[in-house]
Structure formats: C-alpha cells, structure tokens
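What follows is a set of notes on a single structure, which appears directly below.
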Amino acid sequence: MKILAIEKEIKCRKWENPDSILQQEAKQVYQLYLSDSLREIYFTESKNAVLILESENKIAAEKLLNSLPLVKENMIRFDVMELRPYTGYERLIENNCDKQKT
C-alpha cells in the first residue's frame, strides 16, 4: 500500500546541535530507501519533507516514521494518509452490465 507522509515541525522544540541529528536522520532515511520502504522524498517550499512510502498498512508506515531520529526527539511529526487508486476513470467508461440490459 502506498502511504503519503507530510512532515510537520514541532515549533516549541529548540534545535541543539542540528548537524548531528540531521546527519543521523539522513542515514535513517537512506536505510528506508534501501529497504524499499521509502519510494520518493521531497521538500516543500517551506522545507517540510513529503514522503511516499510502500508499506503493509498505515500502522506499519507510522512505525517506520517513528523510528526516525527527529521523530524520536519530538522535533517533527508526520501526517500520514493511505493513498488509494483513482477510480474516476470509471465515470468515462460505459458499464458493460448497463449495455447488456438494453
């Protein structure tokens, strides 16, 4: 299942020694990529991370995200959503059952 995760910074936290924790974060994110759990990662214009994960379900994805150093240190959190296939094209295709009735 594809999962969309959007990072939210926790504003009240002070970033002490940010280079060290950001390097740890990058290493952990790279491991997620190597394990095929992380499919894509981006930054928004406001520098929030946007991740596309491949996971068994939303709970498993949240567990992966909770393993990240910045999440463990309560510096960021993620809004996590399941992505489901788009079904709108069905509106354009004639239903075979309807066709057989006429």
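The values are calculated or read from the model by the stated rules, or taken from the named source; none is laboratory data. Since this is a predicted model, take the numbers as computed values, not measurements. Counting neighbours? That spans all protein chains shown, and the Cβs are built from the backbone with ideal geometry, glycine included.
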Residues of segment 43-69 being exposed (fewer than 12 other Cβ atoms within 10 Å of the Cβ) and within 15 Å of residue 81 (Cβ to Cβ), in sequence order, are 57, 59
So for segment 30-51 (the condition being out of contact with any strand residue (DSSP E or B) (no Cβ under 6 Å at 6 or more places or on another chain), at pLDDT 95 or above, of a type in the set (A, V, I, L, M) and not in a strand (DSSP E or B)), does at least one residue qualify? yes
Residue count, segment 30-80, condition basic (Lys, Arg), touching a Leu at 6+ places or on another chain (Cβ under 7 Å) and closer than 20 Å to residue 18 by Cα, comes to 0
Test: residue 64 is outside any strand (DSSP E or B) and modelled with pLDDT of 95 or more: yes
For residue 7, work out the one condition from (1) without any contact (Cβ under 8 Å) to a residue 60 or more places away in the chain; (2) within 25 Å of residue 85 (Cα to Cα) it doesn't fulfil. (1)
I'd like the full set of residues that are more than 13 Å from the chain's Cα centre (by Cα) and among the aliphatic types (A, V, I, L, M), limited to segment 67-87. 70, 71, 75, 76
Quick check: anything in segment 7-28 part of a strand (DSSP E or B), in contact with a Ser or Thr (Cβ under 8 Å, 6 or more places away or on another chain) and surrounded by 13 or more Cβ atoms within 10 Å (Cβ to Cβ)? no
Between residues in segment 44-69 that are touching a residue at least 12 places away in the same chain (Cβ under 8 Å) and under 13 Å from residue 28 (Cα atoms) and residues that are buried (at least 19 other Cβ atoms within 10 Å of the Cβ) and among the aromatic types (Phe, Trp, Tyr), which pairs lie under 6 Å by C-beta distance while being six or more apart or on different chains? 65/78
